[in-house]
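The values are calculated or read from the model by the stated rules, or taken from the named source; none is laboratory data. On a predicted model such as this, the values are computed, not experimentally measured, just so you know. Quick reminder, even Gly has a Cβ in these numbers, built from the backbone with ideal geometry, and neighbours come from all protein chains shown.
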Amino acid sequence: MQELHVEGWLDALARDRLEEPKRSEVLAHVTECAQCSETLRRLQMSSTPSPLGKVQLTRVALTTTPSQEIELIPADAPMPLDLVHEVAALLDIDQATAERAVARLEDPAGWAPGPAPGVLARFARGGPSRSGATSLFVRQEPRSVFPRHLHRGREIMLVLSGVARERGGSALGPGARLEKAEGTIHELLTVGREPCICLVVVDAGGVEFLSDPLV
């Protein structure tokens, strides 16, 4: 089974050529298998598509907090139980499964290169209500930018640690939720000296990365 993933499905996944339902099956396996996760990371580094290439995000209707009032949570600190509960609710999984998913964020081998320098991603397994959606943990290093992109579907983002900000928008600290609707465009900046880690759930549709100036 391991050889089949490494020699066949993982290469197709890295090149964004794997169709459903096999794509979801392979992503679920990669989430649980450190060896396959590392293999996928190496494959993605040598191919053009990013693990975020099919992700989608939603409309700005959520919690925004002035940066001076945000209580920072370092990326390597234990996550508060209320945030673990939010992870469980957003992914439609039980608390124990959410705790394990959060604990795995500390393993560097589970992160794959994202769409820009300083941006990493790892897939998350969602429950029944997330069937067909893409669920990801995204880590942005300090001063990194998640590139400008057009949402082809709806997305919900939950900030778990650090601070992110939409260009021209308010700072979003731990516990903030951001929704972006289909057809909206934005980019995300990391604020401060700590990495920013978010959970992102995207419905079918994905995102399209843009190179023209923000308007």
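Checked against the criterion of being modelled with pLDDT under 85 and either within 19 Å of residue 136 (Cβ to Cβ) or assigned to a strand (DSSP E or B) (or both), the stretch 189-202 has at least one qualifying residue. Within the stretch 99-118, does at least one residue satisfy the condition of being under 13 Å from residue 201 (Cα atoms), aliphatic (A, V, I, L, M) and out of contact with any Phe, Trp or Tyr (no Cβ under 6 Å at 6 or more places or on another chain)? The answer is no, given that none of the residues of the stretch 99-118 is under 13 Å from residue 201 (Cα atoms), aliphatic (A, V, I, L, M) and out of contact with any Phe, Trp or Tyr (no Cβ under 6 Å at 6 or more places or on another chain).
If the condition is being touching a residue at least 24 places away in the same chain (Cβ under 8 Å) and part of a loop (DSSP other than H, G, I, E, B), then the stretch 167-188 contributes 167, 169, 170, 173, 174, 175, 176, 181, 182, 183, 184.
Only residues that are part of a strand (DSSP E or B), touching a Lys or Arg at 6+ places or on another chain (Cβ under 8 Å) and of a type outside the set (A, V, I, L, M) were counted across the stretch 149-166, and they come to 2.
Checked against (1) assigned to a strand (DSSP E or B); (2) modelled with pLDDT under 85; (3) surrounded by 19 or more Cβ atoms within 10 Å (Cβ to Cβ), residue 208 passes all but condition (3).
Yes or no: residue 120 surrounded by 17 or more Cβ atoms within 10 Å (Cβ to Cβ), under 23 Å from residue 88 (Cβ atoms), modelled with pLDDT of 90 or more and under 12 Å from the mean Cα position of the chain (by Cα)? Here the answer is yes, as residue 120 does meet what is asked.
Can you tell me which residue is nearest to residue 189 (Cα to Cα) among those in the stretch 130-146 that are modelled with pLDDT of 90 or more and not charged (D, E, K, R)? Here the residue is 145. Within the stretch 87-131, the set of residues being among the acidic types (Asp, Glu) and touching a Gly at 6+ places or on another chain (Cβ under 7 Å) comprises 92 only. Is it the case that residue 98 is crowded, with 19+ Cβ neighbours inside 10 Å and within 18 Å of residue 159 (Cβ to Cβ)? It is true that residue 98 is crowded, with 19+ Cβ neighbours inside 10 Å and within 18 Å of residue 159 (Cβ to Cβ). Only one of the numbered conditions (1) in the same structural domain as residue 90 (by TED's automatic domain parsing); (2) at pLDDT below 90 is not met by residue 214, and that is (1).
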